[in-house]
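A.B. asks: Have a look at the structure that comes next, please.
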Amino acid sequence: MAKAKYTPDKNGWYSTLVWDGTYDRYGRKHRKQLRTKKSSKELERMVNEFRTLVESRELTVKSTYTVQAYAQEWIKVYKSGKELNTLAMYQNIVDKHFARLKDVKLSDVRRIHLHLLLNDIPDATGRQIYLTFKQVIKSAILDRYLPESALNDIFADTKPPKPAPKEKRALLESEKQALFTADLAPMEKAFLWIIYGCGLRREEALALTIFDIDLNRSILTVNKALVFDGNNPVLKGTKTENSVRSVPMPGFLTEYLKYYTKWINGTNLFYSRGNIHITKSSYTKMWKRIVNALSEVDKENLRIRELTAHVFRHNYCSNLCYQIPAVSIKKIAQLMGDTEAVVLKVYNHMILEKEDAASAIENALAPSNKNLTSGVKNA
């Protein structure tokens with residue numbers, strides 16, 4: 001006769017501890033006690049059944065979390081390593097929009113709650129809410145607070161709102177003229193001419209120091225970025241490995257930086273009073289002054305008030321694309337700190353506009369005058 005796997009205690013209970021698929025705060029496996037008075041075989045059946053539930057992810061752990069409270073914890077635990085701007089976006093969504101679900105238990109979350117979050121919300125914000133909510137629900141499933149079926153139950157037949165189309169435009173001729181005639185302070189002019197003449201991202205330009213400027217060779221080096229944590233400036237690495245690069249400076253920029261690098265105090269090109277780097281509030285005020293100065297020159301252009309630093313980056317790349325084949329797509333990508341795939345995705349329509357297949361075929365395949373004459377005579 002086979003020996004029983006479990007033995008009863010002095011009160012006749014057969015019991016054992018079984019892992020429920022979760023971990024405690026110290027990373028140790030959390031176990032649940034299973035017990036019966038029937039027999040060792042019955043307990044063995046209970047253990048196998050429980051393990052099947054764990055493996056199929058159908059077992060959930062009791063929780064006192066509300067949806068908003070869990071989302072707050074999700075940011076702290078699972079998103080702590082994200083970029084500051086990304087963290088701020090998550091925090092804003094959870095604080096402002098998930099407040100509608102502050103009294104809804106996580107275990108009670110249903111499809112209707114997703115729609116409550118999306119009701120009367122613009123598409124751009126709604127898309128962020130949808131994607132954030134989906135990440136939170138996936139995390140709750142992995143933490144065993146929700147069954148795996150919850151994902152399909154909540155998001156079935158509900159697609160994320162479409163992202164708002166981002167306007168991609170180059171500078172108007174009147175705006176380009178205003179760049180060089182507007183009444184700008186030295187720091188404002190340096191920032192504006194750098195993003196115009198070198199196509200840098202805002203955070204790349206704000207991080208520049210005098211050591212990144214080679215005035216003899218007219219080369220500007222990008223190897224860091226300045227982002228904001230609230231109002232505070234934070235120095236970090238570039239967006240990607242491709243973003244580390246050297247960019248040629250046009251002549252007008254080199255000449256101006258010769259003056260500007262002697263005018264500034266310290267080594268950082270852009271800074272605030274009492275701070276070696278520029279703060280967010282100081283940058284916001286500086287950009288507002290820049291736009292106001294450009295508007296004074298180009299008063300009839302209503303769109304000039306909508307200018308952002310990224311428009312100048314787009315303008316830079318657009319103008320380079322119109323210089324193909326004098327400059328290759330690979331080189332444009334290097335100058336932008338992007339990949340060739342990104343450049344093609346965003347600017348392919350400009351490259352296609354410039355193509356003239358008929359002329360290219362004519363120039364490549366048309367016979368010389370001598371061959372043409374000979375061929376006609378022999379026809």
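The values are calculated or read from the model by the stated rules, or taken from the named source; none is laboratory data. Predicted, not measured: the structure shown is a model, and the values here were computed from it. Cβ coordinates were reconstructed from backbone atoms using ideal geometry, including for glycine residues, and neighbour counts include every protein chain displayed.
A.B. asks: Given the criteria over 30 Å from Glu173 (Cβ atoms), free of Cβ contacts under 8 Å to residues at least 40 places away in the same chain, surrounded by 13 or more Cβ atoms within 10 Å (Cβ to Cβ) and touching a strand residue (DSSP E or B) at 6+ places or on another chain (Cβ under 6 Å), does Ser272 qualify?
C.D. replies: no
A.B. asks: Which ones in segment 331-348 are in a helix (DSSP H, G or I), in contact with a helix residue (DSSP H, G or I) (Cβ under 6 Å, 6 or more places away or on another chain) and of a type outside the set (Phe, Trp, Tyr)? Give the derivation first.
C.D. replies: Our first condition is that a residue be in a helix (DSSP H, G or I); within segment 331-348, this holds for 331-336, 340-348.
With the extra rule that they be in contact with a helix residue (DSSP H, G or I) (Cβ under 6 Å, 6 or more places away or on another chain), the set shrinks to 332-333, 336, 340, 343, 347.
Ile332, Ala333, Met336, Glu340, Val343 - these are the residues of segment 331-348 that are in a helix (DSSP H, G or I), in contact with a helix residue (DSSP H, G or I) (Cβ under 6 Å, 6 or more places away or on another chain) and of a type outside the set (Phe, Trp, Tyr).
A.B. asks: OK, next. Going residue by residue through segment 141-155, is there one that turns out to be aliphatic (A, V, I, L, M), outside any loop (DSSP other than H, G, I, E, B) and under 30 Å from Trp263 (Cα atoms)? Reasoning before the result, please.
C.D. replies: Here is the first cut: in segment 141-155, the ones aliphatic (A, V, I, L, M) are 141-142, 146, 150-151, 154.
Restricting the remaining residues to those that are outside any loop (DSSP other than H, G, I, E, B) gives 141-142, 150-151, 154.
Now restrict to residues that are under 30 Å from Trp263 (Cα atoms): none.
Scanning segment 141-155, I find no residue that is aliphatic (A, V, I, L, M), outside any loop (DSSP other than H, G, I, E, B) and under 30 Å from Trp263 (Cα atoms), so the answer is no.
A.B. asks: Restricting attention to segment 219-236, report how many residues are closer than 17 Å to Gln334 by Cα and either surrounded by fewer than 18 Cβ atoms within 10 Å (Cβ to Cβ) or among the hydroxyl-bearing types (Ser, Thr, Tyr) (or both).
C.D. replies: Total satisfying the criteria: 3.
A.B. asks: For segment 29-46, enumerate the residues that are under 10 Å from Pro8 (Cα atoms) and assigned to a strand (DSSP E or B). Break it down into steps so the answer makes sense when it comes.
C.D. replies: As a first pass, look at segment 29-46 and keep what is under 10 Å from Pro8 (Cα atoms): 35-40.
Result: Arg35, Thr36.
A.B. asks: Give just the number: which of (1) at pLDDT below 90; (2) surrounded by 18 or more Cβ atoms within 10 Å (Cβ to Cβ) does Ala124 not satisfy?
C.D. replies: (2)
A.B. asks: Exactly one of (1) farther than 30 Å from Ile304 by Cα; (2) in the same structural domain as Glu73 (by TED's automatic domain parsing) is unmet by Ile121. Its number?
C.D. replies: Answer for Ile121: the failing condition is (1).
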